[in-house]
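Some notes on the structure that comes next.
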Amino acid sequence: MNADDNTRLTGALRRPSVKKNVAAIHVSGKLTLLQRKLSNVLLLNAYDTLISRSTHRIDARTLCMMIGYNSNDTESLKASLRGLAETVAEWDMLDEKGRQEWGVSALLSFAKLKDGVCEYAYSPALAEKLHDPKVFALINLNIQRQFTGGHALALYENCFRFIGTGSTGWWPLETFRRLMGVDGSEYYESYKHLNAKIIKPAVAEVNKVSDIMITPEIRKEGRAVSHIRLLIKRNPQLSILDIDDGAGLRKGEVYAALRALGVSDRLARQWLTQHGEDYVSEKLAYVSERGEVKSPVSYLRRAIDEDFTKVGAQPAVPETDRAKRLKAVQEAVASRSPTRRDADRALFRSRLSDPVLIADFDRHGWMSALNSKTIVAFWADLEPGLFEVSE
């Protein structure tokens, strides 16, 4: 929701009958960087049920972790939620019948914190606009985490939606100032100051950390700059950035081996995320040594789930209490949304101080043997009763 909702609560609708972008949800650029990130996380969390549910919920501690707040810093979270409720989104677009529609709405119609949970809602009209996939696009939390400046993130959001056309089109400078949140400032009435303090630094950051490259162009009326547009293209360095949740995994040799065996993209990424490349590679080697197998993928699934070893097609050890607990953790992780999984990993990792433990967790995730006791304690606190059910 902020400014085009961090990469998508803003968005442009491109209709087949129109040769230009005809829709955009504009939001005041005066939101802080953390408010912009908060807006995006809330939208991502609610997106699947934007239309079917009137309110949405997310664990407050998870929410804080996702946007970079201390998990106990509820006052800052309250201030940011207040800011979203006080900020207006405005849209001007064509509907499915080609009729022009203009509207305004608060970014959040309400938000409340109770018993460690954040509950919030959007107005029905705004929820409908945000749910349009052409508007929503795809909130990429991996990209937004890279930004350190609010103006850069605002610029990214307002440019990304035009990636299909290659240009934002000409914006009057007053429109650009509003999108950047510096309208009303006498200092930035001067293009010289606007360019030096806002445009150049923001463009440099977008080009450095995101999946697009932008180039500003100006137009003058007389001697004064009156309009600006930004040319947009994909960042050629995209391949070295972990742009989406599966991008990094898909580059590995183990992923390639899984796909060659016939494992689906989704299942391959799931196994690699849950077990790590070393574990899955070990099971691939085990299956390959079995010779002709009627169903290699099914056999590999058993090898992974039951931890087959070279000694024989049996679990390495009986299912101990530790194994049961780790299995419960795997099931809990699998049941959560990608946003929650990301937040849980970040929250747990932030509590590790030993570089060796951090490295083992980065490599093996929740199956990290060196962190097993800490992982169990973490999940027992996160989901009380989880291991009572599993034992």
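The values are calculated or read from the model by the stated rules, or taken from the named source; none is laboratory data. The structure presented is a predicted model; accordingly, all values stated were derived computationally and were not measured. Here the Cβ is made from the backbone with ideal geometry for all residues, glycine too, and neighbour counts use every protein chain on show. Note: areas computed on protein heavy atoms with side chains; ligands, DNA, RNA excluded. Shrake-Rupley method; radii C 1.70, N 1.55, O 1.52, S 1.80 Å.
If you take the residues in segment 291-330 that are modelled with pLDDT of 75 or more and outside any helix (DSSP H, G or I), which one is surrounded by the most Cβ atoms within 10 Å (Cβ to Cβ)? Here the answer is 308.
In summary, residue 235 fulfils each of the numbered conditions (1) at pLDDT below 80; (2) out of contact with any Leu (no Cβ under 9 Å at 6 or more places or on another chain); (3) open to solvent by less than 40 Å² (accessible area, probe 1.4 Å) with the single exception of condition (2). Looking only at residues in segment 119-129 that are at pLDDT below 90 and of a type in the set (D, E, K, R), the one that is surrounded by the most Cβ atoms within 10 Å (Cβ to Cβ) is 129. For segment 343-359, the count of residues that are more than 23 Å from residue 382 (Cβ to Cβ) and modelled with pLDDT under 80 is nonzero. Contact annotation: residue pairs with Cβ atoms under 6 Å, 6 or more positions apart or on different chains, pairing a residue in segment 163-176 that is open to solvent by 20 Å² or more (accessible area, probe 1.4 Å) and modelled with pLDDT of 90 or more with a partner that is assigned to a strand (DSSP E or B) and of a type in the set (Val, Ile, Thr), are 171/228.
Listed here are the residues, each with its yes/no results for (1) under 22 Å from the mean Cα position of the chain (by Cα); (2) modelled with pLDDT under 95; (3) open to solvent by less than 60 Å² (accessible area, probe 1.4 Å).
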{"residue": "140", "(1), (2), (3)": "yes, yes, yes"}
{"residue": "157", "(1), (2), (3)": "yes, yes, yes"}
{"residue": "178", "(1), (2), (3)": "no, yes, no"}
{"residue": "190", "(1), (2), (3)": "no, yes, yes"}
{"residue": "199", "(1), (2), (3)": "no, no, yes"}
{"residue": "212", "(1), (2), (3)": "yes, yes, yes"}
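Here is the figure for segment 338-377: residues that are in a loop (DSSP other than H, G, I, E, B) and either open to solvent by less than 70 Å² (accessible area, probe 1.4 Å) or not hydrophobic (A, V, I, L, M, F, W, C) (or both) total 7.
Restricting the search to segment 349-364, which residues are hydroxyl-bearing (Ser, Thr, Tyr) and within 21 Å of the chain's Cα centre (by Cα)?
Selection gives 350 alone.
Please go through segment 101-118 and give me each residue that is surrounded by fewer than 15 Cβ atoms within 10 Å (Cβ to Cβ) and closer than 24 Å to residue 381 by Cβ, ordered by number. Residues satisfying the conditions are 112, 114, 115, 116, 117.
Scanning segment 246-264 for residues that are modelled with pLDDT of 75 or more and either exposed (fewer than 15 other Cβ atoms within 10 Å of the Cβ) or of a type in the set (A, V, I, L, M) (or both) yields a count of 11.
Before we move on, is residue 335 modelled with pLDDT of 75 or more and open to solvent by less than 60 Å² (accessible area, probe 1.4 Å)? In short, no. For the structure I just gave you, tell me whether residue 40 is closer than 18 Å to residue 110 by Cβ, modelled with pLDDT of 70 or more and under 14 Å from the mean Cα position of the chain (by Cα). The answer is no for residue 40. Among the residues of segment 184-205, those identified as touching a residue at least 24 places away in the same chain (Cβ under 8 Å) and within 24 Å of residue 87 (Cα to Cα) are 198, 199, 202.
Each residue in segment 272-290 was checked for being open to solvent by less than 30 Å² (accessible area, probe 1.4 Å) and not in a helix (DSSP H, G or I), and 1 of them qualify. Applying the condition of being open to solvent by 60 Å² or more (accessible area, probe 1.4 Å) and part of a helix (DSSP H, G or I) to segment 69-90 and asking which residue is modelled with the lowest pLDDT yields 74.
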